């Protein structure tokens, strides 16, 4: 078959560099059957780069996909960077974990081989492990870096390469850019890297899971009350890696195993995610069907679901009318903020205003403003980071080193950081939400949703609407943000825009306090009414996301919710029609 010379050269180069026999066989079939457009995408497309949560992309042959060759190249870059800038000279160390996706264990061996052959000691988990465990393990083992092979909740054809630095937070610029420069410098990988015979030199890291559970279990407030729980919970690992760690965490929080039920069909790792239409529990009740059915059978009132790498948590609750409610990430963030702050106050009853002002809760830029409202009313501090826990984790680390007390970090996409681990942690937060639910039910017969409305009455409704449209290709994303950056709307839904925070590379003259991003551009509009609208491109998926928040004055009880929701519906329609303009940009609606 005749192909353009540049494409054929890239294909030939890949076949020269890839040394894994199975991968080569699959690559031959791939090249013979796929179209020229597909081949160009994977062999001659964009170079791999670290996005919102590491490198995530399709597993396929080529230099723009994850495969044995590109994992080895990335690991070579990380190894060289560690040797140049690591803190533990001359004793360099890295910890490696992996999830249950296709090839994850193999990619972990590829990486281990590279590090060992570069003189870096490797701690390697022998079985699947939750992502937050690797984040915890890096500083616990005094490593220079950590590596997790995972694509989290991405579709099943994907995998990922998530790197941590010695503090347990994800790498950020310029470190991530420098690693990629070292990785993709034009030189072929050392053929010896593909030989796994040295991997048995790695030290087993499995014992760190127990240390992680022991550390995060210190977050429990009512172990004795948890042990008396009459409330039942249904847990799902969502075909991922969370079951073992979560069961250990529930036990460490004091819960008896007879009140924790598992969705058996989703308990073990399964790279096909066979029982869910989408392996992302953030999608809500439509992907939680098996979980709520199991909960109905066993009498659970609360469902707790980790995503496949167990760094995030979804909570659903049976309401008084028997229907299930899946909480949004912002709603869970409100409840967790109140819980964390309340218990800090209880433990520090004599704290001065100055001491309160040294307490920090961190959010991403697209999360609800309610944490800021609470901070103003309660006297603690709230600060904002760019979207993604790589920013929240590093900001928390910076503040703690400055003597500030960061007690919580969270973002609207069901990610929460409640302890010392500098990444989102779905395992510990599953146990925390079980404790919160049991506390309010056993003391007041109050549901989580009842408490949420009490918080809205106290601090004002902060109702949010987050969704996305799928873009046909990257050029469309560029066009959308270029258009909205250079020609921002003066009104949205007839209401005046009073402030624009432009974090795109197209227009950086507006004095934003956060840096612009080429991989995940973002624009935030503040309306005269106080409502907030943010438009952001996903750093890991072909999506343009929008985040809308309506804020009311305090004192409105539950009966006023319908009126606020109607206003929210109207504003959402206007945002789609006036800013996203799906017909003009040929956007694809999300699956309902």
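General remarks:
- Subset of region 547-558 [touching a helix residue (DSSP H, G or I) at 6+ places or on another chain (Cβ under 7 Å) and either in a strand (DSSP E or B) or not assigned by TED's automatic domain parsing to the domain that holds residue 483 (or both)]: 548, 550
- Residue satisfying all of: in region 286-295; closer than 9 Å to residue 234 by Cβ and without any contact (Cβ under 8 Å) to a residue 60 or more places away in the chain; surrounded by the fewest Cβ atoms within 10 Å (Cβ to Cβ) among these: 292
- Complete set of residues in region 361-381 that are farther than 26 Å from residue 523 by Cβ and part of a helix (DSSP H, G or I): 377, 378
- Residue in region 413-423 that is farther than 23 Å from residue 248 by Cβ, buried (at least 22 other Cβ atoms within 10 Å of the Cβ) and within 14 Å of the chain's Cα centre (by Cα) present: yes
- Filter result for residue 193 (assigned to a strand (DSSP E or B) and under 25 Å from residue 58 (Cα atoms)): no
- Residue selected from region 1-10 under the condition part of a helix (DSSP H, G or I) and either without any contact (Cβ under 8 Å) to a residue 40 or more places away in the chain or in contact with a strand residue (DSSP E or B) (Cβ under 6 Å, 6 or more places away or on another chain) (or both), by the criterion surrounded by the fewest Cβ atoms within 10 Å (Cβ to Cβ): 5
- Being over 20 Å from the mean Cα position of the chain (by Cα) and within 19 Å of residue 70 (Cα to Cα) holds for only one residue in 126, 113, and it is 113.
- Flag set for residue 185, criterion: surrounded by fewer than 18 Cβ atoms within 10 Å (Cβ to Cβ), at pLDDT below 95 and either more than 25 Å from residue 100 (Cα to Cα) or assigned by TED's automatic domain parsing to the domain that holds residue 14 (or both).
- In the set 61, 90, 47, only one residue is under 24 Å from the mean Cα position of the chain (by Cα) and assigned to a loop (DSSP other than H, G, I, E, B); that residue is 47.
- You will find that of 229, 246, the residue that is more than 25 Å from residue 421 (Cα to Cα) and buried (at least 20 other Cβ atoms within 10 Å of the Cβ) is 229 and no other.
- Where residue 206 falls short, out of the listed (1) in a loop (DSSP other than H, G, I, E, B); (2) farther than 26 Å from residue 101 by Cα: (2)
- Filter pass, residue 71 being touching a residue at least 40 places away in the same chain (Cβ under 8 Å), part of a strand (DSSP E or B) and crowded, with 16+ Cβ neighbours inside 10 Å: no
- Count of residues meeting criterion [out of contact with any helix residue (DSSP H, G or I) (no Cβ under 7 Å at 6 or more places or on another chain) and within 15 Å of residue 312 (Cα to Cα)] in region 283-296: 2
- Condition check for residue 446: without any contact (Cβ under 8 Å) to a residue 60 or more places away in the chain and out of contact with any strand residue (DSSP E or B) (no Cβ under 7 Å at 6 or more places or on another chain): yes
- Among the residues listed as 224, 211, 244, 265, the single one being outside the structural domain of residue 107 (by TED's automatic domain parsing), part of a helix (DSSP H, G or I), over 29 Å from residue 292 (Cα atoms) and touching a residue at least 24 places away in the same chain (Cβ under 8 Å): 211
- Extreme residue, farthest from residue 538 (Cα to Cα), among residues of region 382-412 that are assigned to a loop (DSSP other than H, G, I, E, B) and in contact with a strand residue (DSSP E or B) (Cβ under 8 Å, 6 or more places away or on another chain): 404
- Matching option when the condition is in contact with a strand residue (DSSP E or B) (Cβ under 9 Å, 6 or more places away or on another chain) and buried (at least 24 other Cβ atoms within 10 Å of the Cβ), among 336, 362: 362
- Criterion applied to 564, 505, 544, 497 was being outside any loop (DSSP other than H, G, I, E, B), under 28 Å from the mean Cα position of the chain (by Cα) and either modelled with pLDDT of 90 or more or surrounded by 14 or more Cβ atoms within 10 Å (Cβ to Cβ) (or both), and the one residue passing it is 544.
- Residue 368 vs. criteria at pLDDT below 95, touching a helix residue (DSSP H, G or I) at 6+ places or on another chain (Cβ under 6 Å) and either over 30 Å from residue 238 (Cβ atoms) or crowded, with 20+ Cβ neighbours inside 10 Å (or both): yes
For (1) touching a residue at least 12 places away in the same chain (Cβ under 8 Å); (2) touching a helix residue (DSSP H, G or I) at 6+ places or on another chain (Cβ under 6 Å); (3) surrounded by 18 or more Cβ atoms within 10 Å (Cβ to Cβ), each residue gets a yes or a no:
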residue	(1), (2), (3)
35	no, no, no
51	yes, no, yes
58	yes, no, no
61	yes, yes, yes
90	no, no, no
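- Any chance residue 454 is assigned by TED's automatic domain parsing to the domain that holds residue 354 and either in contact with a strand residue (DSSP E or B) (Cβ under 8 Å, 6 or more places away or on another chain) or modelled with pLDDT of 95 or more (or both): yes
- Residue within region 189-202 that is buried (at least 18 other Cβ atoms within 10 Å of the Cβ) and within 24 Å of residue 392 (Cα to Cα) present: no
- Here residue 108 meets each of (1) under 16 Å from residue 202 (Cα atoms); (2) out of contact with any helix residue (DSSP H, G or I) (no Cβ under 8 Å at 6 or more places or on another chain); (3) not in a helix (DSSP H, G or I) with one exception, condition (3).
- Among the residues of region 311-322, those identified as in contact with a helix residue (DSSP H, G or I) (Cβ under 8 Å, 6 or more places away or on another chain) and either over 11 Å from residue 236 (Cβ atoms) or assigned to a helix (DSSP H, G or I) (or both) are 311, 312, 315, 317, 318, 319.
- Considering region 112-139, the residues that are out of contact with any strand residue (DSSP E or B) (no Cβ under 6 Å at 6 or more places or on another chain) and assigned to a helix (DSSP H, G or I) include one that is surrounded by the fewest Cβ atoms within 10 Å (Cβ to Cβ), namely 117.
- All conditions but one from (1) in a helix (DSSP H, G or I); (2) in contact (Cβ under 8 Å) with a residue 40 or more places away in the chain apply to residue 454; the one that does not is (2).
The values are calculated or read from the model by the stated rules, or taken from the named source; none is laboratory data. These figures come from a predicted structure and were not determined experimentally. Every residue, glycine among them, receives a Cβ derived from its backbone with ideal geometry; neighbour counts consider all protein chains shown.
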